[in-house]
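The values are calculated or read from the model by the stated rules, or taken from the named source; none is laboratory data. A quick note: this is a predicted structure, and the numbers were derived from the prediction, not measured. Here the Cβ positions follow ideal geometry from the backbone for every residue, glycine too, while neighbour counts run over all protein chains shown. Side chains are part of the model used for accessible areas, which takes the heavy atoms of the whole protein and leaves out ligands, DNA and RNA. Shrake-Rupley method; radii C 1.70, N 1.55, O 1.52, S 1.80 Å.
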There are 2 protein chains.
Amino acid sequence: MSEAIKDLLKKNHMSVTDSRLQILDMFYHAPGALAHADIEKKASDKIDRVTIYRTLQTFEEKGIIHTIPTADNSVKYALCKDQCAEGHHHDNHVHFVCDKCSKTICLDDVHVPEVKLPKGFQPHQSNMVVNGFCSDCRS
Amino acid sequence: MSEAIKDLLKKNHMSVTDSRLQILDMFYHAPGALAHADIEKKASDKIDRVTIYRTLQTFEEKGIIHTIPTADNSVKYALCKDQCAEGHHHDNHVHFVCDKCSKTICLDDVHVPEVKLPKGFQPHQSNMVVNGFCSDCRS
DNA sequence: ACATATTTGCAATTGTGTTGCAAATTTTAT
DNA sequence: ATAAAATTTGCAACACAATTGCAAATATGT
């Protein structure tokens, strides 16, 4: 099962270690985005807090995961659907945060619409986060 | 000069204090959004860290300022253009963050477009942040 | 299998935000 | 204008999140 994950690490020129395999595996099986705390809790063999921070940072730099700009300023991460270029993300999809179960989901197929900015502004990247009830939680 | 600011405080049933006048004044004269740290630095008569936190929180509850969901998960505040209802914000404008000077600006006239969500998702609120170069910084 | 390079875990440190409480300030009623 | 009541402030202490330096452990390339 973890062969594919190992390959992903190798393809990105990273050493294959237990922590990395375990964390990447979590992302592949998670229902939505993961926060540092989620990973810390779920890790079966305890992984050091610091290692988790460093792993997330490395994954992000390599373009394997991306951070999600939530409205409540908490930090969550999710897999980049298509590999992003190293040091350069290009995922322009909308993110959804459920107000009830607080699951955070990448809507890979919904991409952020363009907006017309006032004169002089030069846009590089747009982020959009929608809050509401997810399909599991709406009554 | 601060008469208008005093009135705003009174209108919202808040005691008129030096810290509040000073902080509100900063917002009225700031070029963009302010972070807690900005206020702490700029305050001429030093205002206690805790007082700043509490003042920002109160202003937000009263609908005088709103938080801005930046992509880097830092917390910034800006004036609500029209008074928001107490405990209920209704500003649906796009925010712009400059990648060079990192000024954060409310684009009051650009409002967040609707997006079509997948089946089952029930949206309540949308936030959009655009990064790029502001009118002062584009070359 | 060994030497080299990378990663990990620990301890210590920094940063951010919160809470309780007494002193100071503001408001309200007189 | 003054005194009592209510609110706000500043300080100390705390809780939690995140970063750094460094030695020990693990992974890689030959």
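The set of residues from the range B:1-29 being of a type in the set (A, V, I, L, M, F, W, C), open to solvent by 40 Å² or more (accessible area, probe 1.4 Å) and under 19 Å from the mean Cα position of the chain (by Cα) comprises just one member, B:Ala4. Looking across the range A:8-32, the residues that are more than 21 Å from A:Ser102 (Cα to Cα) and in a loop (DSSP other than H, G, I, E, B) come down to A:Asn12, A:His13, A:Met14, A:Ser15, A:Val16, A:Thr17.
Every residue, every condition in (1) among the acidic types (Asp, Glu); (2) away from DNA strand C (no atom under 11 Å from the Cβ); (3) under 20 Å from B:Asn127 (Cβ atoms), yes or no:
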residue	(1), (2), (3)
B:Arg20	no, no, no
B:Asp25	yes, yes, no
B:Ala35	no, no, yes
B:Lys42	no, yes, no
B:Ile47	no, yes, no
B:Ile65	no, yes, yes
B:Asn73	no, no, yes
B:Lys81	no, yes, yes
B:His89	no, yes, yes
